[in-house]
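A.B. asks: Structure in structure tokens, see below.
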Amino acid sequence: MYNAKAYSVSSATSPFESTVIARRDPTEHDVQIEILFCGICHSDLHQARNEWSGMMPTVYPCVPGHEIVGRVTRVGSAVTKFKAGDLAAVGCLVDSDGTCPECKAGFEQFCPNMTLTYNFPDKHTGGVTYGGYSDSVVVNERFVLSVSKNLDLAGTAPLLCAGITTYSPMRHWGVTKGKKVGVVGLGGLGHMGVKFAHAFGAHTVVFTTSPNKKEDALRLGADEVVVSRNADEMAKHAGSFDFILDAVAAEHDINAYIQLLKRDGNITMVGAPEKPLSVSVFGLIFARRSFSGSLIGGIAETQEMLDFCGEHNITSDVEVIPIQKINEAYERLARSDVKYRFSIDMASLKSE
Ligand code: NAP
Ligand code: ZN
């Protein structure tokens with residue numbers, strides 16, 4: 001074991017503080033990574049504040065962070081894909097059994113024995129996993145991804161969660177040229193959803209509660225922007241969408257969006273609000289519409305997404321912060337005041 005610098009919270013109401021955590025020494029299949037940037041996902045906030053206590057209670061101290069980009073510092077003797085000095089990335093998953101039908105089909109995120117990057121039992125240390133708000137991490141090479149050299153690294157980190165979480169359902173539900181696609185909530189996930197829908201050639205409509213994000217939405221690739229609190233603007237789009245991606249982090253009226261789908265249209269939730277949503281079944285049955293969910297993406301698809309971003313020069317729009325500003329960043333994220341992802345410059349941890 002060795003000591004790594006990190007930032008953790010010690011309870012649902014505590015601020016982040018500088019700390020030291022124990023990481024395992026790389027075993028033969030492990031890659032040790034010096035973390036250069038880590039994005040701040042709203043899931044980090046949900047978990048730091050124990051907002052998902054029903055589904056996945058937070059174990060404290062908690063070190064969040066699952067949008068990790070860095071440089072390989074050491075590899076185990078059996079590692080073949082990486083060597084010291086390579087760029088590398090880690091997302092929400094750090095392990096799975098590799099043998100179940102889900103793993104064999106490339107859906108490690110649905111493996112009953114998967115391990116999330118933080119706040120999950122850690123079979124190596126006997127404690128819980130610690131995430132990317134840290135200067136280094138050790139991960140089995142199966143869960144380490146390659147990053148194109150042409151991409152800006154601060155903007156690449158958020159691809160590891162916000163990127164794959166929006167890319168995967170759009171691929172699954174066939175977002176292509178000729179389709180009308182909605183993205184609800186222009187936050188970290190939503191703005192990546194807009195970039196992908198646009199890159200896939202779809203007619204892309206953003207639904208936002210923030211009129212001041214209109215110009216940004218168009219710049220990011222939207223063809224139209226609807227202020228969702230305006231019922232008249234919403235009504236103009238009734239029955240017209242093939243697919244809608246909902247990336248809202250809070251309670252909201254999903255039925256208003258179900259009404260906007262065509263026959264056989266689908267709305268997929270990737271946002272994970274704390275409380276259950278109320279769904280009108282009539283909205284679904286009258287046009288055979290469907291309502292579904294999606295969780296990040298498998299490892300092969302995450303690499304496919306990163307390669308797609310490399311080819312199309314797609315990164316997240318980030319506000320880079322030193323780790324010392326993290327408490328302020330959380331307050332701003334809670335009130336949707338970020339354009340459009342905070343990315344922590346981990347060099348700032350050196351002074352702690
Ligand atoms: P975020 O940056 O905070 O964005 C959420 C956006 O939702 C806000 O920017 C805002 O957009 C909109 N919004 C916020 N409060 C709202 C309200 N009361 N009513 C309507 N709209 C509201 O969060 P994020 O990092 O993108 O994450 C979004 C959600 O996805 C979180 O719940 C997160 O845990 C979840 N998530 C799920 C997965 C998965 O695998 N399924 C992966 C990552 C994250 P406007 O200002 O445009 O309205
Ligand atoms: Zn995330």
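A.B. asks: For the stretch 325-352, give me each residue that is of a type in the set (Lys, Arg), within 11 Å of ligand 1 (Cβ to nearest atom) and either touching a residue at least 12 places away in the same chain (Cβ under 8 Å) or in contact with a Cys (Cβ under 6 Å, 6 or more places away or on another chain) (or both).
C.D. replies: The initial filter retains those residues of the stretch 325-352 that are of a type in the set (Lys, Arg), namely 325, 332, 335, 339, 341, 350.
Keeping just the survivors that are within 11 Å of ligand 1 (Cβ to nearest atom) gives 332, 335, 339, 341.
If the condition is that a residue be of a type in the set (Lys, Arg), within 11 Å of ligand 1 (Cβ to nearest atom) and either touching a residue at least 12 places away in the same chain (Cβ under 8 Å) or in contact with a Cys (Cβ under 6 Å, 6 or more places away or on another chain) (or both), then Lys339, Arg341 are the ones that fit.
A.B. asks: To continue, here is another question. Across the stretch 202-245, what is the total count of residues that are assigned to a helix (DSSP H, G or I) and surrounded by fewer than 19 Cβ atoms within 10 Å (Cβ to Cβ)? Step through it out loud before you land on a result.
C.D. replies: Applying the first criterion (assigned to a helix (DSSP H, G or I)) to the stretch 202-245 yields 211-220, 231-235.
So of that shortlist, the ones also surrounded by fewer than 19 Cβ atoms within 10 Å (Cβ to Cβ) come out as 211-212, 214-215, 218-219, 231-235.
Looking only at that region, the number is 11.
A.B. asks: Is there any pair linking a residue in the stretch 102-121 that is farther than 24 Å from Pro57 by Cα to one that is more than 16 Å from ligand 1 (Cβ to nearest atom), with Cβ under 7 Å and at least six apart or on different chains, and which?
C.D. replies: Listed by first residue and then by second, the contacts come to Cys103/Asp97; Gly106/Ala300.
A.B. asks: Let me confirm something: among Gly174, Gly132, Gly182, which residue is more than 30 Å from Asn327 (Cα to Cα) and assigned to a loop (DSSP other than H, G, I, E, B)?
C.D. replies: Going through Gly174, Gly132, Gly182 in turn, the sole match is Gly174.
A.B. asks: From the list Val318, Val248, exactly one residue is in the same structural domain as Val181 (by TED's automatic domain parsing), touching a Gly at 6+ places or on another chain (Cβ under 8 Å) and within 16 Å of ligand 2 (Cβ to nearest atom). Which is it?
C.D. replies: Values: Val318 fails: in the same structural domain as Val181 (by TED's automatic domain parsing).
One residue alone meets the criteria, Val248.
A.B. asks: Among the residues of the stretch 135-186 satisfying the criterion of being among the basic types (Lys, Arg) and not assigned by TED's automatic domain parsing to the domain that holds Val31, which is nearest to ligand 1 (Cβ to nearest atom)? If you could, list the steps in order and put the result at the bottom.
C.D. replies: Just the residues of the stretch 135-186 that are among the basic types (Lys, Arg), to begin with: 142, 149, 171, 177, 179-180.
Cutting the leftovers down to not assigned by TED's automatic domain parsing to the domain that holds Val31 gives us 171, 177, 179-180.
On the way: Arg171: 14, Lys177: 25, Lys179: 21, Lys180: 19 Å.
By that ranking, first place goes to Arg171.
A.B. asks: Could you list all residues from the stretch 44-61 that are more than 11 Å from ligand 1 (Cβ to nearest atom) and either touching a Ser or Thr at 6+ places or on another chain (Cβ under 6 Å) or in a helix (DSSP H, G or I) (or both)?
C.D. replies: Listed by number, the residues that qualify are Ala48, Asn50, Tyr60, Pro61.
A.B. asks: Tally up the residues in the stretch 281-298 that are buried (at least 17 other Cβ atoms within 10 Å of the Cβ) and closer than 19 Å to Gly193 by Cα, please.
C.D. replies: 5
A.B. asks: OK, next. Taking the condition of being assigned to a loop (DSSP other than H, G, I, E, B), touching a helix residue (DSSP H, G or I) at 6+ places or on another chain (Cβ under 6 Å) and within 16 Å of ligand 2 (Cβ to nearest atom), how many residues in the stretch 79-113 meet it?
C.D. replies: Qualifying residue count, the stretch 79-113: 1.
A.B. asks: Moving on. Which one of these is over 19 Å from the mean Cα position of the chain (by Cα), farther than 24 Å from Gly65 by Cα and not aliphatic (A, V, I, L, M): Lys275, Lys350, Lys262, Lys325?
C.D. replies: Lys262
A.B. asks: Which ones in the stretch 25-58 are away from ligand 2 (no atom under 16 Å from the Cβ) and charged (D, E, K, R)?
C.D. replies: Asp25, Glu28, Asp30, Glu34
A.B. asks: Only residues that are crowded, with 23+ Cβ neighbours inside 10 Å and of a type in the set (S, T, N, Q): list them for the stretch 316-352, please.
C.D. replies: Ser316, Ser343
A.B. asks: Is the stretch 19-30 home to any residue that is closer than 17 Å to Thr302 by Cβ and touching a residue at least 24 places away in the same chain (Cβ under 8 Å)?
C.D. replies: As a first pass, look at the stretch 19-30 and keep what is closer than 17 Å to Thr302 by Cβ: none.
No, the stretch 19-30 has no match at all.
A.B. asks: Quick one: count up the residues across the stretch 252-302 that are assigned to a helix (DSSP H, G or I), among the polar types (S, T, N, Q) and either at pLDDT below 95 or in contact with a strand residue (DSSP E or B) (Cβ under 9 Å, 6 or more places away or on another chain) (or both). Steps first, please.
C.D. replies: Let us first name the residues in the stretch 252-302 that are assigned to a helix (DSSP H, G or I), namely 255-258, 281-285, 299-302.
Imposing the further condition that a residue be among the polar types (S, T, N, Q) reduces the set to 255, 302.
From the residues that got through so far, the ones that are either at pLDDT below 95 or in contact with a strand residue (DSSP E or B) (Cβ under 9 Å, 6 or more places away or on another chain) (or both) too are 302.
Summing the residues that are assigned to a helix (DSSP H, G or I), among the polar types (S, T, N, Q) and either at pLDDT below 95 or in contact with a strand residue (DSSP E or B) (Cβ under 9 Å, 6 or more places away or on another chain) (or both) in the stretch 252-302 gives 1.
A.B. asks: Now for a different question. Name the residue that is surrounded by the fewest Cβ atoms within 10 Å (Cβ to Cβ), counting only residues in the stretch 1-36 that are touching a helix residue (DSSP H, G or I) at 6+ places or on another chain (Cβ under 7 Å) and closer than 26 Å to Pro273 by Cα.
C.D. replies: Result: Pro15.
The values are calculated or read from the model by the stated rules, or taken from the named source; none is laboratory data. Bear in mind the structure is a predicted one, so any value in this text is a computation, not a measurement. With ideal geometry, Cβ positions are generated from the backbone for all residues, glycine too; neighbour counts draw on all protein chains shown.
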